[in-house]
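Here's the structure we're looking at; comments come further down.
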Amino acid sequence: MPARFPADLHVRRRAELLARLGDDTVAVLPAGGQVFRHRDVAFEFRPDGDFAYLTGFGEPDAVAVLTPFHPEHRFVLFVAPRDPERERWDGPRAGLEGARRTYGADAAFPVDELPRLLGVYLAGARRVVAPWGRHPAFDALLGEQLRRFAPHPSRERPGPVELVDPQVVVGEMRLVKGPEELELLRRAAAVAVEGQRAAFRAALPGRLEYEVQAEVEAAFRRRGAAGTAFATIVASGPNACVLHHTRNDRRIAEGDLVLVDAGPDLAGYVSDLTRTFPAAGRFSAPQRRVYEVVLAAQRAVLAVVRPGVPWDRLQAVAARAVTEGLLELGLLAGEAGELVEEEAWQRYYPHSIGHWVGLDLRDSGRYRPGGAWRTLEPGMTFTVEPGVYVPPDDPHRDLAGIGVRIEDVVAVTEDGCEVLSGALPTDPGKVERAVGAARRRRPGARS
């Protein structure tokens, strides 16, 4: 469910969107439909981020229409009507009255009326802000509506001629988080930290990766999360070199590193936190060397995060730091500047430095609006997650199969950044002590 922020927050957001749209643009934003796991068993519903951001409404199949030029209906919700028999199985719905009374809609209609009424709200608009390619049923309906307004000699009714991605408008609003959102993201990060501490306790040699996954996700639920923000990664030994390893079926060995990448979904806002730690409680010398390269890269990036810094500067700093570390490890040979220019580091560090975080894991907001890299502003939130992954078949046998990623969520402040997940250590000695402390608190552990 979306966060239950004060109702006036959604009112302010809609007012800002309407001001941004101008007098000739309509926004049509779907919540999305229920996705079924098999037959009649559905996954838990999670509304589209843009829809949730502007409405706070958490039911499937709803559609919001925002019309700056309509004299009365500036915010319209199309929703499923109340159905006592259906609610007996699935729980209460807001219905038309709830859409108006609780969620502030100027008008509410049954969603089945959308094909008949949407054209009324599109008439006179020159542009439509709507997603395309994310919700197939919605695409078909919107496409049919837009075809009705296509230019034709016998048709004088004006209508939309341009379709605009919500990233251009709503994405700009979502990119800078307000104080209520930042507080919720702090809470989500705190829950993520508890999940990692559960992994520290559980990832003993001999345990299976999915047993660790179960403990991480149980910790999320105990702290109030609705579930996970993405498929939990528990990657031991060489599995850590698979960036999105989610099978989680390997037995952890004595000398393994364990990479846990996990995040909760807390009231619709998410976190994303990765730590890599030794299953036996102590890094080996080669593991520590690789780990310190990644940590140095993360610290170098965090040191430059501040307002006014262009986004690509973060990747450049990470690439330089990782390249210098790979040279020290003997994994690369040559001159650092040339190797950075050639992107030689991508053999061992093939992903970007991070992504926006908020209502979605890879949150709304363009990185290069208008072709130029975006500069950071206070309130932006994103991950900083360098890594080094030495393939198991790498000729450097002492390092082969070692994979390390360190990831935190940060918020840009007026003069730097706040590491929202900073309660969990990254220094290798402190990580070892944190693993030991977590295991001493494990039920049945010897003191």
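Taking amide H positions as modeled 1.01 Å from N, with prolines and chain starts lacking one, the residues under 5 Å from Ala107 and 5 or more places away or on another chain are Phe75, Leu77. A simple spin-label model places pseudo-atoms 7 Å from Cα toward Cβ; at Arg306 and His38 they are separated by 5.6 nm.
For Ile402, the residues whose amide H sits under 5 Å from its own are Val390, ignoring neighbours fewer than 5 places away on the same chain, with H placed 1.01 Å from N.
Quick one: Cα centre-to-centre distance for the range 296-354 and the range 396-447, in angstrom? Comparing the Cα centres of the range 296-354 and the range 396-447, I get a distance of 21 Å.
Cα centroids of the range 265-287 and the range 69-102: how far apart, whole angstrom? So the two Cα centres are separated by 42 Å.
What does the convex hull of the Cα atoms of the chain come to per residue, in Å³, rounded to a whole number? Write out the running numbers ahead of the final one.
Values: hull volume 78.8 nm³, N = 447.
In the chain, the Cα convex hull volume per residue is 176 Å³.
Given R₀ = 41 Å, FRET efficiency for Arg20-Phe230 by Cβ-Cβ distance, to 0.05? Don't skip to the answer; put the middle values down first.
On the way: r = 30 Å, r/R0 = 0.74.
Once the sixth-power term is evaluated, E becomes 0.85.
Model label points for Gln315 and Val11, set 7 angstrom from Cα along the Cα-to-Cβ axis, are 4.3 nm apart. Here the Karplus relation 6.51 cos²θ - 1.76 cosθ + 1.60, evaluated at θ = phi - 60°, turns the backbone of the range 317-330 into coupling constants of 5, 5, 4, 5, 5, 5, 4, 4, x, 5, 5, 5, 6, x Hz, with x for every Gly and Pro. Between Arg222 and Ala296, the modelled labels are 3.8 nm apart [label points 7 Å from Cα along Cα→Cβ]. Dividing the summed -39500 (n - 2.57) terms of all DSSP H runs of n ≥ 4 by the residue count of the chain sets its mean residue ellipticity at 222 nm at -11500 deg cm²/dmol.
Here's how it looks for Leu376: its modeled amide H is under 5 Å from those of Gly308, Val309, Trp311, which are all 5 or more places away or on a different chain.
Since every read-out is calculated from the coordinates, none of them should be taken as a lab result. Everything numeric here is computed off the predicted structure, so don't read it as measured data. Glycine also receives a Cβ, built like all others from the backbone with ideal geometry; neighbour counts cover every protein chain displayed.
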